[in-house]
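The values are calculated or read from the model by the stated rules, or taken from the named source; none is laboratory data. Fair warning: this is a prediction, and the values are worked out from it, not measured in the lab. So basically every Cβ, Gly included, is an ideal-geometry build from the backbone, and we count neighbours across all protein chains shown. With ligands, DNA and RNA removed, areas are computed over all heavy atoms of the protein, side chains included. Shrake-Rupley method; radii C 1.70, N 1.55, O 1.52, S 1.80 Å.
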Amino acid sequence: MIDYATNPQKTENLDFSSPGFQGLQNVLAYTKQNSKTEKQFYVTGINCDPATACQQMNRTKLQFQKTGSILAFHGYQAFAPGEATPETAHAIGVKLAQELWGDRFEVVVSTHLDKQHLHNHFVLNSVSFIDGKRYYDNNTTYAFMRKTSDRLCREHSLSVIENPKRGKAKHYAEWKAEQENNPTWRGLIREDVDKAVAASMTFTQFIAALRNQGYEVKTGVKYMAVRPPGKERFVRLKTLGDDYAEEAIKQHILQNQNPKRPSPLPEPKRKRCTLKGSVKTARKITGLQALYFHYLYKMGIRSLSSKLSH
């Protein structure tokens, strides 16, 4: 599995003592922890030295005077438990980074061994050291990233996820909090939206349900947005994932109006027994045969309203 996330530590001040610089240091430190072994093998720098990657990435920004808010991008690649060795997982991660970004960007690749599934982390400078252009994460670059990752895994006989669904990429802080089982405010918004959807039969009811939970709701705009209680900024619902875009929410509400119900079982058909013959013949039904028809009648399976001919 491969996912992509944006580092939330943002700053326009590229002074090496700035909080943004420290934030990038923390991200790099996190991705390099739990990855070293006796071989000192599982952290690799592409176009940079892992030990000084933070300084190098910021020098690139200073050189091209790029003072945008995103310092770096954080990528994540996971392997099925028990399939890959640490050496193979790291080799695939390095090859992936080289193919995708190696000609223009500084990247640190580290392989973590502390979970049941091995996984790689990538920290990619947001500015190219070649021409100073920014890296833009979009559907096209994401699709190419996944396609390349899948190809490399198949070349090593490793499994891949077929027909994956992509949600909105998570910020690094949110991803890390989820890994540590800590709640995030974006996660809480998702839960509140889910509750509002489940309780609504119309889109108007959905908006009212959110407002009853204390949300300020902005509608009639290109992208529907909400402001949680106690927060200063609005959040576009589509940034919470594909399932939280306005059209997707409307489809979920529509399903509430037309729930799938199991088809009713058909009524059992009762068979009617018709006895042909004379009264004299009918009177000769005695013993076990008579008992048999008696119980059929009691159970309502057959009727003894016989058609008797004279």
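Return the residue satisfying two criteria in turn: it lies in the stretch 199-224 and is in a helix (DSSP H, G or I) and open to solvent by 80 Å² or more (accessible area, probe 1.4 Å), and of such residues it is nearest to Val235 (Cα to Cα).
Applying the filter and picking the extreme gives Arg211.
Looking at (1) open to solvent by less than 50 Å² (accessible area, probe 1.4 Å); (2) in a loop (DSSP other than H, G, I, E, B); (3) at pLDDT below 90; (4) more than 24 Å from Ala91 (Cβ to Cβ), which one does Ala177 not meet, given that it meets all the others?
Only one criterion is unmet by Ala177, namely (2).
For the stretch 221-237, which positions are charged (D, E, K, R) and closer than 15 Å to Leu210 by Cβ?
Arg227, Lys231, Arg236
Applying the selection to the stretch 107-147, what residues are more than 26 Å from the chain's Cα centre (by Cα) and open to solvent by less than 10 Å² (accessible area, probe 1.4 Å)?
Val127, Ser128, Gly132 - these are the residues of the stretch 107-147 that are more than 26 Å from the chain's Cα centre (by Cα) and open to solvent by less than 10 Å² (accessible area, probe 1.4 Å).
Quick check on the stretch 92-106: of everything there that is in a loop (DSSP other than H, G, I, E, B) and over 17 Å from Thr52 (Cα atoms), which residue is least open to solvent (accessible area, probe 1.4 Å)?
Gly102
Could you tell me which of the residues Val221, Val226 is at pLDDT 85 or above, over 16 Å from Val193 (Cα atoms) and hydrophobic (A, V, I, L, M, F, W, C)?
Val221
Among (1) within 31 Å of the chain's Cα centre (by Cα); (2) at pLDDT 90 or above, which single condition is Gly68 missing?
For Gly68, the failing item is (2).
Given the options Arg166, Arg186, name the one that is part of a loop (DSSP other than H, G, I, E, B), over 28 Å from Phe64 (Cα atoms) and at pLDDT below 85.
Arg166
If I filter the stretch 129-137 for residues that are within 29 Å of Met57 (Cα to Cα), of a type in the set (Ser, Thr, Tyr) and modelled with pLDDT of 85 or more, do I get at least one hit?
Yes, the stretch 129-137 contains at least one residue that is within 29 Å of Met57 (Cα to Cα), of a type in the set (Ser, Thr, Tyr) and modelled with pLDDT of 85 or more.
Considering only the stretch 52-75, how many residues are under 17 Å from Asp150 (Cα atoms) and open to solvent by 20 Å² or more (accessible area, probe 1.4 Å)?
The qualifying residues number 0.
Give me the pairs: first residue in the stretch 243-263 and closer than 20 Å to Val221 by Cα and surrounded by 15 or more Cβ atoms within 10 Å (Cβ to Cβ), second residue basic (Lys, Arg) and modelled with pLDDT of 90 or more, beta-carbon distance under 7 Å, and six or more apart or on different chains, which are they?
none
Just the residues that are aromatic (Phe, Trp, Tyr) and touching a Cys at 6+ places or on another chain (Cβ under 8 Å), please, taken from the stretch 70-127.
Matches in the stretch 70-127: Phe79 only.
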